[in-house]
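The values are calculated or read from the model by the stated rules, or taken from the named source; none is laboratory data. Quick caveat, the model's predicted, so the values are computed rather than measured. Cβ placement follows ideal geometry from the backbone for every residue including glycine, while neighbour counts extend to all protein chains displayed. Note: areas computed on protein heavy atoms with side chains; ligands, DNA, RNA excluded. Shrake-Rupley method; radii C 1.70, N 1.55, O 1.52, S 1.80 Å.
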Amino acid sequence: MTQPPTFLGKDLIGLEHLEAEQILAILDTAETFKEISERPIKKVPVLRGKTIVNLFFEPSTRTRISFEFAEKRLSADTVNVAETGSSVTKGETLVDTARNLEAMRIDMVVIRHSASGAARFLADRIPSNVINAGDGRHEHPTQGLLDLLTIRDHRGAIEGLRVCIVGDVLHSRVARSNIWGLLKLGAEVAVCGPGTLMPAAVETLGVRFFRRIEDAIAWADVLNVLRLQLERMHAGYVPSLREYNRFFGVSTERLAAAPRDVLVLHPGPLTRGVEIDSDVADGPCSVILDQVTNGVAVRMAVLYLLAGGRPETAEAAKGGG
Amino acid sequence: MTRPLLIRGGRVVDPSRGFDEPADVLLVDGRVEAVGGGLGTPDGAETLDASGCVVCPGFVDVHVHLREPGEEHKESIATGALAALAGGFTTICAMPNTDPPIDDPAAVGFVLAAGLRAGRARVHPVGAVSVGLAGERLAPVGEMVEAGAVAITDDGRPVWDAGLMRRALEYARSFGVPVASHCEVPELSRGGSMNEGVVSTRLGLIGIPNAAEDVMIARDLFLAELTGGRLHVQHVTTRRGTELIRAARERGVAVTAEGTPHHFSLTDEAVEGYRTHAKVNPPLRSEADRAAVAAAVADGTLDCIATDHAPHHYDEKEQAFDDAPFGLIGLETALGVSMTYLVEKGLFGLSDLIHRMSTGPARAFGLDAGTLAPGAAGDATVIDPSAKWTVDARRFRSRSRNTPFDGWSLTGRVVATVLGGAVAFRAEEA
């Protein structure tokens, strides 16, 4: 049995193939759902009776917990599956896992996987709704959405803003979801970092490319700073973390030179003193913890809409406080 | 002794002799007896009606993976050789990257014997350049050639060590075989699963840049020039690669080279949706590269069309893109794809296509094939160049189904394949 089509379609795999109206509706629904997390009893019966599997093939703390809170606050029944380092290869596990889930008649799957395309692969093979919680270097749509919501909260609108994504764009699913979401909502988008960490022909996505952080900061209203993983140094993409910080790190001094107030986002986890200095992360420009709070609301909105909810009835669905 | 066979009433196209006119072909005792107009039917002869069709030398594919020994769940020498006949190929050259690899005379003998036992398309073993395909020590090239190997290659991976490649090219000269090279600089392709470009950036897949291939083609051409050895560049996919080969040949380097049907018909857009049947190494490239490969096949810079037939089991391709193996099959679609993308698009004529699929590859590997000259092996392919058909992978003779062309409409179809003077394959009526 295939689920009936919803406002978002069957699945949420990425922001590349969503319309601007769909993205805005998710943000508006999230806005409505934010209040649930502020109640003394943080639970509404929106997804009562729905079963959701959180299928994490890659270690994740914050995304998994954020999804789990969103599910539980909407009263869904959830199961967490963490598949790491089994003797079977990931791909084989994926096919068999898909078939087993199908046999158990679950309603939704939230999947995190190290291979780009893994969420699409699963979505094409099971009738349940599939939510991509990060697939390889492809997309991480709920992260993109929570970034959009946070920027909108602080700047009022996305359209016309200049947003620069700083750092390891090559390996970043967060970057791709941000680029698509921001462009669809009318922002100007740039990326900044050393050429070794940029995907081929990155400008063809519709973004500018700054090779120097000073130029990016002079241009941008918003910086979304990506995590630089230690492995990138070992693999030779950058000579050292120290040098990376020196030439590409976001510091108070660099922000002080900006012609305007710059909003600073970071998807976490932070590597303080590498891509971002502590006084920036903890300072007045930073909205990093707002992102985390918004993450739960955005995920509630996505779950609600994929379960067949309509944006215009979200207020009624969640009931009074 | 088989009965004589008269292939009657077709248009005979034999690029080895520049022959292209209506004629009959008489095959006696497994060899070509005569080609000409109005040949009489000898007593007891079988006849094959070729009216409305083209009769040409049996196709030759210098690049197939038959997976035997070791991976018979993907293909065997017998099933691969049957798929070859269905695609009009009467001669195929089996790559040595099996398990164990074909790197000594006993292994060469095994492939040869299995091919003869199957009694389908002629199977010529290709030996390894290095022991165990490890890229370190030269394999016993002389003994392998003595046992029946027609070329050497470490295909599937490059000969990374330039010194070893130099020695292979020099050493192989004593035995008259070419060194076939899979050109790839591993430091530039590592971790990659598709062409590096706009599509890989969108899909979040690690790309393999053209330079990974171009740099190695350039190196091997210089080494061929240094040694005077015979270099055969496998599956060329880039515009620069075709330019390098063209320039080297013009200054006298002994180089032959392949273009594959998938590289001159598809681009990296075929990967969209993470389609693992379009995952192949070297990868499907940009439109500019595709067009350059097609043009290079047309002008003869790439003098062979080769399929790089690479069977994989369903389960192996039914995985996330990064986890699936490289490779696709091509024996049963090669003619249709080539007719549709080269001849129908006006890049060259049928006679040139037949050259690239028979005479060209036979000469590159020094095989007794690719010609219908009297006295030659009685291997012929009868094709209907205007037949429209739809690819249905379920009907393939290959043991595997991993084709990106399933469901495609193609023009040009094999009607019958004649091997050693007898009809070995006949297409079912559509």
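For this structure, a couple of remarks:
- Adding -39500 (n - 2.57) for every DSSP H run of four residues or longer, then dividing by how many residues chain B holds, sets the calculated 222 nm ellipticity at -7500 deg cm²/dmol.
- When all alpha carbon pairs of chain B are counted in 20 Å bins from zero, the resulting P(r) reads 28, 60, 11, 0 %.
- Compactness of region B:234-288, expressed as Rg and Dmax over alpha-carbon positions, Å: 13.2, 44
- The simple spin-label model puts a point 7 Å past each Cα toward its Cβ; for residue A:315 and residue A:124 those points are separated by 4.2 nm.
- Convex hull (Cα only) mean projected area of region A:128-215, reported in nm² to one decimal: 6.3 nm²
- Here's the picture: charge each Lys and Arg Cβ at +1 and each Asp and Glu Cβ at -1 in chain A, and of A:224, A:183, A:306 the one pushed furthest to the positive end of that dipole is A:306.
- Under 25 Å from residue B:388, Cα to Cα: lysines that are on another chain or at least 8 residues apart: B:345
- For region B:121-210, the alpha carbon convex hull comes to 120 Å³ per residue, rounded to a whole number.
- For chain B, the longest principal axis of the alpha carbon atoms and the long axis of helix B:239-250 meet at an angle near 70°.
- Placing a pseudo-label 7 Å from each Cα along the Cα-to-Cβ vector at residue B:409 and residue B:131 gives an inter-label distance of 5.7 nm.
- Legend: distances between Cα atoms for A:10/A:42; A:10/B:317; A:72/B:317; pairs beyond 30 Å are A:72/B:317.
- Less than 5 angstrom separates the built amide H of residue B:403 from those of B:329, all sequence-distant by 5 or more or on a different chain.
- Put simply, the convex hull of the Cα atoms in region B:298-379 casts, on average, a shadow of 7.4 nm².
- Between chain B and chain A, the total buried accessible area stands at approximately 1700 Å², from heavy atoms with a 1.4 Å probe.
- For region A:229-274: Kirkwood Rh in Å [reciprocal of mean 1/r, alpha carbons]: 12.1 Å
- Ligands, DNA and RNA left out, the accessible area of chain B computed with a 1.4 Å probe is 50% carbon and sulfur.
- Angle in degrees between helix B:162-172 and the longest Cα principal axis of chain B, rounded to the nearest 10: 30 degrees
- At R0 = 22 Å, FRET efficiency that the Cβ-Cβ distance of residue A:289 and residue A:72 yields, to 0.05: 0.60
- Fully extended contour minus Cα-Cα distance, from residue A:79 to residue A:38, at 0.36 nm per residue: 12.3 nm
- Chain A: relative contact order in percent, alpha carbon pairs under 8 Å with at least 6 residues between: 22 percent
- Percent RCO, i.e. relative contact order, over region A:57-203, from Cα pairs under 8 Å lying at least 6 residues apart: 17 percent
- Protein heavy-atom accessible surface, 1.4 Å probe, per residue over region B:163-207: 36 Å².
- Note that region B:269-274 has calculated 3J(HN,Hα) couplings of 4, 5, 7, 2, x, 6 Hz, one per residue in order, obtained from phi through the Karplus relation 6.51 cos²θ - 1.76 cosθ + 1.60 (θ = phi - 60°); glycine and proline are x.
- For region B:154-194, the Kirkwood estimate of the hydrodynamic radius, built from every pair of different alpha carbons, is 11.4 Å.
- Between B:15, B:100, B:325, the Gaussian network model of chain B with springs among Cα atoms under 10 angstrom shows the greatest mean-square fluctuation at B:100.
- Whole-angstrom gap from region B:95-161 to region B:343-376, using each part's C-alpha centre: 25 Å
- Choice from A:77, A:11, A:282 showing the highest fluctuation, given a GNM over chain A with Cα pairs closer than 10 Å: A:282
- Excluding the site residues themselves, the longest part of chain B lacking any GluC sites (Glu not before Pro) in a DSSP loop with at most 13 other Cβ atoms within 10 Å is B:273-427.
- Here the spin labels are modelled as points 7 Å beyond Cα on the Cα-Cβ line, and at residue A:253 and residue B:275 they lie 5.3 nm apart.
- Top of A:179, A:288, A:65 by mean-square fluctuation, Gaussian network on chain A, Cα under 10 Å: A:65
- Helix A:173-184 axis, angle to chain A major axis (alpha carbon atoms, nearest 10°): 90 degrees
- Dimensions of region B:179-298 from C-alpha coordinates, computed as largest minus smallest value along each principal axis and given longest first, are 45, 31, 19 Å.
- Computed from the C-beta positions of residue A:243 and residue B:226, the FRET efficiency with R₀ = 51 Å rounds to 0.80.
- Sparsely packed loop sites in region A:218-321 (the trypsin sites (Lys or Arg not before Pro) outside DSSP H, G, I, E and B with at most 10 other Cβ atoms within 10 Å) comprise A:260.
- Relative contact order of chain B, defined on C-alpha pairs under 8 angstrom at six or more residues apart (%): 20 percent
- Once the mean of 1/r is taken over each pair of separate Cα atoms and inverted, the protein assembly as shown shows a Kirkwood hydrodynamic radius of 28.5 Å.
- Interchain or long-range residues, amide H under 5 Å from residue B:66's placed H: B:95
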